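K.L.:
Let me begin by handing over the structure; questions about it come next.
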Amino acid sequence: MSQQQTETKDIEDKETKDIEDKETKDIEDKETKDIEDKETKDIKDKEIKDIENKETKDIKDKETKDIENKETKDIEDKETKDIENKETKDIEDKETKDIENKENEENKNLKETEKQEQKLKSQVNQMFSTLQEYSQNEKQIFSNDFDFISKINLNTVEKYESIKEKTEKLSTFLKTLEEKKTDLQIYFEQIDLMSESVSKLDLSVKQLDQFTKNLETSFQEILKFKAI
């Protein structure tokens, strides 16, 4: 073989090898890419599945919670309704009992009132009977008093005549006394003057007596001084 053929063959071999290497590399790259794509797809599928599972679980949890909440609410509503019904029944029972007690009390009061009315009626009848008897007695007493007062009036007239006579005599005596008092008035005035003079004289005597005592005291002090 000539050198040129050899070089040509080498070039062809190289090209063939390059082509084969390229194809091999492409195949490997493709396989690698397919593997990566598969892994990526698996990861995405897993994530999607996880998301779906999570959403499904959340939905189930929510439904379960809603059911539990509904049951709890139903139970609470029933309990509340039972309590309200019981309270309503208790209130109605209490109102009914209060009404019955009130009616019983009213009936009792009515009977008591009737009893009181009967008693009052009896007392009123007794009072009228007593009042009638009292009126008869008062009438008799008034008649007796009238007779007694008539007798007193007669005695009073007789006594009044006697008193009138005594009064006239007393008036005459007082008039005489008044005249005598007028006559004695001058003597009364002289007595008043004498009494005033006696009072002045008594005052002078007291002053003189006090002066004498003071003089005696002074004299005794002088004697004591000379003796010393």
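K.L.:
On the basis of being within 39 Å of the chain's Cα centre (by Cα), of a type in the set (S, T, N, Q) and at pLDDT 85 or above, does residue 113 make the cut?
P.N.:
no
K.L.:
Related question: Acidic (Asp, Glu) and modelled with pLDDT of 85 or more, is that true of residue 92?
P.N.:
Taking the combined requirement at face value, the residue satisfies it.
The values are calculated or read from the model by the stated rules, or taken from the named source; none is laboratory data. Please read all numbers here as calculations on a predicted model, not as lab measurements.
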